[in-house]
Amino acid sequence: MTMLRVGGLQKHFGGVLAVDDVDLELAEGELHAVIGPNGAGKTTLIHLLSGALKADAGVIVLDGRDVTRLAMHRRVRLGLARSYQITSVFPNITVLENLALAVQGASGRDDRDRARTELGAVGLGARADDLAGALAHGERRRLELGLALATGARLLLLDEPMAGMGPEEAARIVDLLSALKRKRTILLVEHDMDAVFRLADRITTLVDGRVIASGAPEEIRRHPEVRRAYLGEEAPQ
Amino acid sequence: MRDTLYIPLRPWPTLGVVAALALLPLAAATLGQPFYVVFATRVLIYALIATSLNLLIGYGGMVSFGHAAFVGAGAYAVAMLMPAGVASAWLLWPAALLAGAGFAFLVGAVSLRTRGVYFIMITLAFAQMAYYLVLSLRVLGSDDGLTLSNRPSLGLVDLNRDTTFYYAALAILLAALAGMRVLLNAPLGRALQGIRDNETRMEAIGFATYRLKLLVFVIAGAAAGLGGGLLVSLNGLVGPNLLNWTQSGLLMIMVILGGAGRLLGGALGAVLLLVVEEAIAEHTIHWPLVIGVVLLAVVLFAPQGLSGLMRRRA
């Protein structure tokens, strides 16, 4: 079963092609990492897939349904949610209320029990009644992830969930994502190569908006172009 | 479980305030100042209008600078229908409400595509267009406005009696505040406040933000229209100045003074502004200067307005 199929996706800003003819396919339950140097178009790709930006060309098919022209909130209701590289939560309400809002957004109902379940899933059970603005960085990143999870989306687009984290917090996210594997389809954009190679079923490498390689982690690790453009010689062995 | 957005109902203070408001006409009669009943009615109507703007600014983050246009739509609807033979308030006031809602739908459908300063400017532009339209239309009385020979009738009670009108306005204001509390405590109210705080993220978790904002914009326009209909019913006259941008500005000042994003913010602001105006206007023509100083003090020292101050002491 194909969860996401992307064909010929294109986006330019002025004269710059940020995403150039990208093809991508994610099987159901797959964890697919997208790596590449800064400015490769990874975040733009997530913007296009989530509906925050409109593609100039190409198609996006979610679970057999063409969503290329759908607004962001419609895609969420069809089971596609994203997280943000720069934490974007609701700081003035509690952690639980944050998640309840995400549950409500996707389902239309204010279901606190489900919100509480999601709270446990991201390990924030003890902070339920604290204001989201009072959380530490690592906790905020987990809440950020939790908002996407709480929509109940089958396909998650995660934009650098480990950004700015220390090794301990990053390890928690790796555990969290391992637990999610198979249950949800995940497109993971991440710079932490240890995490990527540990988690990913397949990896796509983006450079200057183009896919230069796509395949199993072992293939990508050995791929000469990927090594030259991004991994360098210190790629994890 | 902590519920930061829930607005509790404090029964005793509420009952106290309602009782005081209910006794106000008696007090005015005892003091031999019946004029104050009409003044108090005007305050109640402005409290309704400012409350509707508070829903937009304080809870929805929609800084509308054209709210007077919806007041005007309601007022002129009543002023047009009465001479045409419609005398019942049961028809006239709903018509005012619908006029406000309809105009708000048109303005909102376009304006809500924009955000921030653009939204402020486009709502102002729409309101000024309405103002100049009214000013130029002979059928709407141009700059003389329209006058009514009578107040609408309300079934068994006689609105020509000032006290009766006062109680009608009070009932409508209380119903509007109760309705707003219900709305804000409902999932729709939570969504609205989420949009105010982080609209992009709300879209990213599945909310149809544009549609929700438009819905609330129309609700606020309806309440403002009703307020306009009440004003013209009370005063028996309406002029284009009711739609001018200074009126929109005055309503915004009321919301800021009273406390944007507080249930009673709009109502308190209306009381404060109109009472201060009434008290100072007879002594000096420079009363707007006093309001300006008060506004400055509120913004600097009590950013949550009068209701924020009261809450801090409670």
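The values are calculated or read from the model by the stated rules, or taken from the named source; none is laboratory data. Computed from a prediction, not measured in an experiment: that's the story for all the values here. Note that each Cβ is placed from the backbone with ideal geometry, even for glycine, and that neighbours are counted across all protein chains shown. These area figures cover heavy atoms from the full protein model, side chains too; ligands, DNA and RNA do not enter into them. Shrake-Rupley method; radii C 1.70, N 1.55, O 1.52, S 1.80 Å.
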Check your understanding: In the set A:L53, A:L24, A:L31, A:L96, which member is more than 10 Å from chain B (Cβ to nearest Cβ), buried (at least 17 other Cβ atoms within 10 Å of the Cβ) and within 30 Å of B:R196 (Cα to Cα)?
Key -> A:L53
Check your understanding: So is B:L31 away from chain A (no Cβ under 14 Å), buried (at least 17 other Cβ atoms within 10 Å of the Cβ), out of contact with any strand residue (DSSP E or B) (no Cβ under 6 Å at 6 or more places or on another chain) and not β-branched (V, I, T) or not?
Key -> no
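Listed here are the residues, each with its yes/no results for (1) open to solvent by 40 Å² or more (accessible area, probe 1.4 Å); (2) in a loop (DSSP other than H, G, I, E, B); (3) on the phi > 0 side of the Ramachandran plot; (4) out of contact with any Leu (no Cβ under 9 Å at 6 or more places or on another chain).
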| site | (1), (2), (3), (4) |
| --- | --- |
| A:L149 | no, no, no, no |
| A:A153 | no, yes, no, no |
| A:L156 | no, no, no, no |
| A:L187 | no, no, no, no |
| A:F197 | no, no, no, yes |
| A:L206 | no, no, no, no |
| A:A213 | no, no, no, yes |
Review point. From the residues in the stretch B:140-167 that are free of Cβ contacts under 8 Å to residues at least 24 places away in the same chain and among the aliphatic types (A, V, I, L, M), which one is surrounded by the fewest Cβ atoms within 10 Å (Cβ to Cβ)?
Key: B:L156
Check your understanding: Restricting the search to the stretch A:117-138, which residues are crowded, with 17+ Cβ neighbours inside 10 Å and within 13 Å of chain B (Cβ to nearest Cβ)?
Key -> A:E118, A:L119, A:R127, A:A128, A:L131, A:A132
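Yes/no per residue for (1) open to solvent by 50 Å² or more (accessible area, probe 1.4 Å); (2) over 22 Å from B:I49 (Cα atoms); (3) out of contact with any helix residue (DSSP H, G or I) (no Cβ under 7 Å at 6 or more places or on another chain); (4) in a helix (DSSP H, G or I):
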position	(1), (2), (3), (4)
B:G261	no, no, no, no
B:A267	no, no, no, yes
B:L273	no, no, no, yes
B:E278	yes, no, no, yes
B:I285	yes, yes, yes, no
B:P288	yes, no, yes, yes
B:I291	no, no, no, yes
B:V298	no, no, no, yes
B:G308	no, no, yes, yes
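Considering every residue within the stretch B:234-254, establish whether at least one is under 21 Å from B:L21 (Cα atoms), more than 14 Å from every other protein chain (Cβ to nearest Cβ), open to solvent by less than 30 Å² (accessible area, probe 1.4 Å) and within 17 Å of the chain's Cα centre (by Cα).
yes
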Check your understanding: If a residue has to be farther than 17 Å from B:T114 by Cβ and more than 9 Å from chain A (Cβ to nearest Cβ) to count, how many in the stretch B:203-217 make the cut?
Key -> 1
Practice item. Can you give me the number of residues within the stretch A:84-140 that are β-branched (V, I, T) and outside any loop (DSSP other than H, G, I, E, B)? Key: 4
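Which of the helices (runs of 4 or more DSSP H) contained wholly in the stretch B:7-90 include at least 3 residues that are at pLDDT 95 or above and farther than 25 Å from B:V276 by Cα?
B:67-81
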Point to revise | Test: B:Y59 is open to solvent by 30 Å² or more (accessible area, probe 1.4 Å), under 19 Å from B:G266 (Cα atoms) and within 14 Å of chain A (Cβ to nearest Cβ) | key: no
